[in-house]
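Peer 1: Can you read through this structure? Questions will come right after.
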Amino acid sequence: MSAKEMIQKSLRLRLFSLFDAKKGDTVKIVNLPVGLARSQFIRFGIMEGDIVKCLERLPGGTILIQKSRQEIAIGLQLAKNIIVTKH
């Protein structure tokens, strides 16, 4: 997806990075980064379109998310590259 398409989509859906999610927010994953990180998310059963909850914001920028009963800690840089929208 081109940068222009992402901007147009973000204006319609009010997209933001997972890093900007607040504790307790429930969000829908719109876009995962390409490469190894994407593969690791898929192995954990997390894909674009999934609904996750931001459980905690830890010191250093780490975000703790929950999908079903699974909890995953996501580092600062990775969280900045995951695009979400409020659910």
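Any read-out appearing in this document is the output of simple, stated calculations on the displayed coordinates, not a laboratory observation. The structure presented is a predicted model; accordingly, all values stated were derived computationally and were not measured. Cβ sites come from the backbone with ideal geometry, for glycine too, and all protein chains shown count toward neighbours.
Peer 1: Cross-link partners among aspartates and glutamates for K67, C-alpha distance below 20 Å, same-chain residues fewer than 8 apart left out?
Peer 2: Counting by Cα, and skipping residues close in sequence, K67 has these aspartates and glutamates nearby: D20, D25, E48, D50, E56.
Peer 1: Stokes-Einstein at 25 °C, 0.890 mPa s, Kirkwood radius from Cα pairs: D for the stretch 3-86 in µm² s⁻¹?
Peer 2: Rounded, D is 192 µm²/s.
Peer 1: Apply the Karplus curve 6.51 cos²θ - 1.76 cosθ + 1.60, θ = phi - 60°, to the phi angles in the stretch 61-75 and return the couplings in whole Hz, x for Gly and Pro.
Peer 2: Result, ordered by residue: x, 5, 10, 9, 10, 9, 10, 6, 9, 9, 10, 9, 8, 10, x Hz.
Peer 1: Rounded to the nearest 500, what is the 222 nm mean residue ellipticity of the chain from helices alone, with -39500 (n - 2.57) per DSSP H run of 4+ residues and division by all residues?
Peer 2: Calculated mean residue ellipticity at 222 nm is -7500 deg cm²/dmol.
Peer 1: To the nearest 20 debye, what is the magnitude of the charge dipole of the stretch 3-86 about its Cα centre, counting +1 on the Cβ of each Lys and Arg and -1 on the Cβ of each Asp and Glu?
Peer 2: Computed charge dipole of the stretch 3-86: roughly 180 debye.
Peer 1: On a 0 to 90° scale, report how tilted helix 3-13 is relative to the longest principal axis of the chain, with both axes built from alpha carbons and the result rounded to the nearest 10.
Peer 2: So the helix axis and the longest Cα principal axis differ by about 70 degrees.
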